[in-house]
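**Q** Just passing along the structure, written as structure tokens.
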Amino acid sequence: MGRREELEELIQRYADEFNLDRAFLASVIEQGSGWDPDKEKKSNGTVEQGLMQLTPEDQRIYGVENPFDPEQNVRAGANRLGDLFDRLGDSKSVLAAYKSSPESVEEYGGVPAKEDDLETYNWVKGIAEDIFPKYSKEYYPEDPAPVEPAEREAAPGGSLGFSPEGTYRLFLPDGSFTDVPSNIDEEPAWELS
């Protein structure tokens, strides 16, 4: 049995506990550590450790004694994702805040532009365009997430904050949704206007 298969029980348990989509949680693990519980790297000026690449601050906040213990790491990472959803609401902002910080996402008004924070931009784009769709098909083969055009009202000042081509609303298996640009195959797919 491979490393990922061994972690499925943790993914299911903590996705349920913190009201997360299993495919979303698995996507964050793959993007962060490639399923390596001993992964340690420096990113955005700080050390990230374990499956969900927890920072020392995350470890302190969520009571992690050993960041290389899969159980502690996945529990804390899922808890953090749940807290970020409560604070920010949408999956792209949650991913950006998980990689950088919720304050930077709030200050920027969403996912930072490529030229402002290339690392976070590429991290979010990699999950949204490649990893999450793969795991969604794997976890929910009989129930693909429907995609339909989003109906949005203009934000103050008349700007939708998305590309002029519009957006599509992607409904996730847990009942939540996220808006994605309709020009998802064109560059730059994640650049917000």
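The values are calculated or read from the model by the stated rules, or taken from the named source; none is laboratory data. Predicted model, so just to flag it, every value in this text is computed and none were measured. Positions of Cβ are generated from backbone atoms using ideal geometry, with glycine treated the same way; all protein chains shown enter the neighbour counts. To get the accessible areas, we keep the full protein, side chains included, count just its heavy atoms, and leave off ligands, DNA and RNA. Shrake-Rupley method; radii C 1.70, N 1.55, O 1.52, S 1.80 Å.
**Q** Quick one: net charge around residue 49, please, counting Lys, Arg +1 and Asp, Glu -1 for every other residue with C-beta under 15 Å from its C-beta. Show your work: numbers first, answer last.
**A** On the way: positive: 39, 41, 42, 60, 75, 80, 99; negative: 36, 38, 40, 48, 57, 58, 65, 69, 71.
Here the count lands on -2.
**Q** How long is the gain from residue 38 to residue 12 if the chain were fully straight, where each residue apart is worth 0.36 nm and the alpha carbon distance is subtracted? Kindly include the intermediate steps, with their values, before the conclusion.
**A** Working: separation 26, 0.36 × 26 = 9.36 nm, distance 2.09 nm.
Here the segment from residue 38 to residue 12 would lengthen by 7.3 nm.
**Q** Additional query: Treat region 52-147 as a sphere of radius equal to its Kirkwood radius over Cα pairs and apply Stokes-Einstein at 4 °C in a medium of 1.567 mPa s; give the translational diffusion coefficient in µm²/s, rounded to a whole number. Can you show the working numbers first?
**A** Details: Rh = 14.5 Å.
The estimated diffusion coefficient comes to 89 µm²/s.
**Q** Write down the accessible area per residue of region 1-126 in Å², having rolled a 1.4 Å probe over the full set of protein chains.
**A** Working: 5600 Å² over 126 residues.
Here the residues of region 1-126 average 44 Å² of exposed surface.
**Q** Take the alpha carbon atoms of region 1-71, find their radius of gyration, then divide it by 2.2 N^0.38 Å using N residues; give the quotient. Intermediate values should be presented prior to the final figure.
**A** On the way: Rg = 11.9 Å, N = 71, 2.2 N^0.38 = 11.1 Å.
Here the answer is 1.07, to two decimals.
**Q** Between residue 113 and residue 68, what is 0.36 nm times their sequence separation minus the Cα-Cα distance? Round to one decimal in nm.
**A** Values: separation 45, 0.36 × 45 = 16.20 nm, distance 3.19 nm.
Fully extending the segment from residue 113 to residue 68 adds 13.0 nm.
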